[in-house]
Amino acid sequence: MSTNEKANHGGEEIDVLVVGAGFSGLYQLHKLRKAGFSVKVFEAGKGIGGVWHWNCYPGARVDSDYFLYQYSLEELWKDWTWTERFPDRQELVAYFDYVDKKLDLSRDISFDTRVTSATFDTTADRWVVSTQNGRTIRSRFLSLCTGLAAKTLFPDYPGLNSFKGVVHHTSLWPQGGVDLTGKRVGVLGTGSSGLQVIQESDPIVAHLTVFQRIPNLALPMGQRKVTEQEQNELKKELYPIIFRRRVQTFAGFHYTLVDRSLLDLTPEERRLMLEDLWGRGGFYYWLAAHQDIFSSEEANKIVYDFWRDKVRKRLTDPVMQAKLAPEVPPHPFGTKQPSLDRCYYEVLNQPNVTLVDLQETPIVEITPSGVKTKDGVEHALDVLVLATGFDALTGSISQIDIRGTDGTPIGEKWGKGVATYLGLSSAGYPNMFFPYGPQAPTGFCNGPSCLEVQSDWIVECLTYMREHKHTRIDATPAAEAAWGARIQELAAPGLWDRAKSWYVGANVPGKPVAQINFTGGLPMYAKLCRESAEGGYVGFTLSHL
Ligand code: NAP
């Protein structure tokens, strides 16, 4: 762009604006820079790491094995050593600092810079992006690396604002921490975040009250310390193989679903196999299982029953057994994300822990001193932890006022149901991409595995456009409709709609309920993206001014 043009438009002018400095945003900054694009990152928080910056609640910890949950770039992994199989938030923050220094990223990141709106200027094929702190930037491309969990979901109980104690949502936990020592702590929600807070807080609090609606079908984490020596061994030969393997498996791990029916096994074979998966810890029991556990009620019931019996053995009180590991599954196993537990059930055995079953005694209101349930009991609290999750996937994007070629805000377009092509772009919002977002493998995939596939695709696409002098790329409405149909077709044989989860948007009141993840697995997804690119970006319209 000439100096005159720049003067006419005012503000900064760049090739790509990346929104969010988490796993995706940092990777894109690095890769796009290397490809010769001018790139800036706008980050709402005060530090890098995305969810790992924001989610600083007690006990926050990743649930992918350490060697999978990192960038595949050798320049990074060769000099980095992890200490635990499933690293905690502190270690992940240290990893991001290391990545930052190694790749010299921060010089192109603006912190405390929340993007509030973006409008596509059809006369110049550019996005005009504004921030809360009054900055405006014009960029040829917009990459929304806002992740799946950037829009917090608050419960709407009456009286929440009247609570006189300390109240925080897990994703907006104060960076300086909250001292829970000797306090009466209530945790509302038992998803991954709630479970982690519960495990971590129990030893120090005076009393813990757990407000559970649907039990978490948690799996044993299998946490252990990992040594430098074992990692050096892995680095010699296995790391490159693991990173290649990551993109060949359903969920971006180093293991994958078994392409047979669980029902083909004899009861003895099943028993041995389930014991083996259980003993491995992590998500083996879920994502190295026979694939028909996601489509056959009979197969699913087998893995549920095994899970229930294992968990019941860890609980001492029959009432707790019935509430935490019910006889009848609350939903098919694995159709809502299971969490990894270290000592969750042992904590719930403790005498200073009360489990409030919200299905039996729903919350009526939050009072100045605690939580009042339908049975008239007021649970007195000093601290209330809202572990109520997110308006996942779509919320991260639609909370920004993004207007495409016809001026419609994307939140309005997606209000009736999300519509994307390849889970990367949306028709009428040209030159805009969103890795690790809706209608991609996101919810069923190890983050770095998925976002590297998508980000590499984006960098290639932008390079192709530069070479061919295209200034605009837009998904066609037909390709978008076909992608939406494919998402639902892939999900149709599954049991997904039987759980009220964020996978299908059912956790947010009023959100259309339908599968919003690509359930065909990462290899199929990567193949479809590759086919579009190799065909000259099939399903997109490319043009120039
Ligand atoms: P979540 O899985 O959506 O869990 C939210 C919890 O809050 C559920 O137990 C839900 O109950 C409850 N809840 C929501 N609204 C409520 C209300 N009005 N009243 C009572 N209970 C309410 O959210 P999350 O735990 O934050 O986890 C979200 C995702 O983030 C995870 O699935 C995972 O992908 C990711 N995550 C990962 C890690 C990790 O890597 N270890 C840690 C945290 C989060 P119902 O079940 O009855 O709806």
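Laid out as a table, the results:
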quantity: Given charges at Cβ of Lys, Arg, Asp, Glu: the stretch 1-149 dipole, positive-most of 134, 80, 95; calculated: 134
quantity: Trypsin sites (Lys or Arg not before Pro) within the stretch 220-263, DSSP loop, no more than 16 other Cβ atoms inside 10 Å; calculated: 224, 260
quantity: Contour excess over end-to-end distance, with Cα ends at residue 405 and residue 485 and 0.36 nm allotted per residue; calculated: 26.4 nm
quantity: 37 Å tail of the calculated P(r), the chain, as % of Cα pairs; calculated: 32 percent
quantity: Convex hull volume per residue in cubic angstrom - Cα atoms of the stretch 248-299; calculated: 72 Å³
quantity: Distance cut-off 16 Å, percentage of C-alpha pairs in the stretch 114-172 lying past it; calculated: 63 percent
quantity: Distance violations [Cα-Cα > 28 Å] among 235/301; 46/102; 151/301; 336/511; 183/323; 34/78; calculated: 235/301; 151/301
quantity: Spin-label model distance (nm) - residue 15 vs residue 478, 7 Å beyond Cα toward Cβ; calculated: 3.2 nm
quantity: Cα-projected label distance for residue 492 with residue 46, points at 7 Å along beta-carbon direction, nm; calculated: 5.2 nm
quantity: Mean projected area (nm²) of the alpha-carbon convex hull when the stretch 458-545 is viewed from all directions; calculated: 7.2 nm²
quantity: Sequence-distant residues sharing a close amide H with residue 167 (under 5 Å, placed H); calculated: 384
quantity: R0 of 25 Å, Cβ-Cβ distance residue 175-residue 375: FRET efficiency to nearest 0.05; calculated: 0.10
quantity: Amide H within-cut-off set for residue 354, under 5 Å, with H built and near neighbours excluded; calculated: 208, 209, 210
quantity: Volume of the Cα convex hull of the stretch 401-494, divided per residue and given in Å³; calculated: 109 Å³
quantity: Within the chain, percent of DSSP bridges classed antiparallel, to nearest 5; calculated: 40 percent
quantity: Value of Rg/Rh across the stretch 152-201 [Cα atoms, Kirkwood radius]; calculated: 0.93
quantity: Relative contact order %, the chain, counting alpha carbon pairs below 8 Å whose residues are six or more apart; calculated: 19 percent
quantity: Stretchable slack from residue 295 to residue 156, in nm (0.36 nm times residue separation minus alpha-carbon distance); calculated: 46.6 nm
quantity: Stretchable slack from residue 260 to residue 117, in nm (0.36 nm times residue separation minus alpha-carbon distance); calculated: 46.7 nm
quantity: Positive-end residue, the chain charge dipole about Cα centroid, Cβ charges, pick of 277, 223, 368; calculated: 368
quantity: q = 0.21, 0.22 Å⁻¹, the stretch 1-141: log10 I(q)/I(0) [Debye, one scatterer per Cα]; calculated: -1.25, -1.33
quantity: Scattering curve values for the stretch 191-266, log₁₀ I(q)/I(0), Debye with Cα scatterers, q = 0.19, 0.28 Å⁻¹; calculated: -1.00, -1.25
quantity: nm² value of the averaged projected area, convex hull over the Cα atoms of the stretch 189-230; calculated: 4.3 nm²
quantity: The chain: angle of helix 23-34 to the longest principal axis, Cα-based, in degrees nearest 10; calculated: 20 degrees
quantity: Peptides 309-322, 271-284, 450-463 ordered by average Cβ neighbours within 10 Å, highest first; calculated: 450-463, 271-284, 309-322
quantity: Euclidean distance of C-alpha centroids, the stretch 195-227 and the stretch 261-332, integer Å; calculated: 20 Å
quantity: For the stretch 142-293, alpha-carbon Rg over 2.2 N^0.38 Å; calculated: 1.40
quantity: Spatial extent of the stretch 355-513: Rg and Dmax, with the Cα atoms as the point set, Å; calculated: 20.4, 69
quantity: All Cα pairs of the stretch 321-361, percent lying beyond 16 Å; calculated: 51 percent
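Where a number appears in this text, it was derived from the coordinates with a stated rule and is not lab data. Predicted, not measured: the structure shown is a model, and the values here were computed from it. Heads up, the Cβs are rebuilt from the backbone with ideal geometry, glycines too, and the neighbour counts pull from every protein chain shown.
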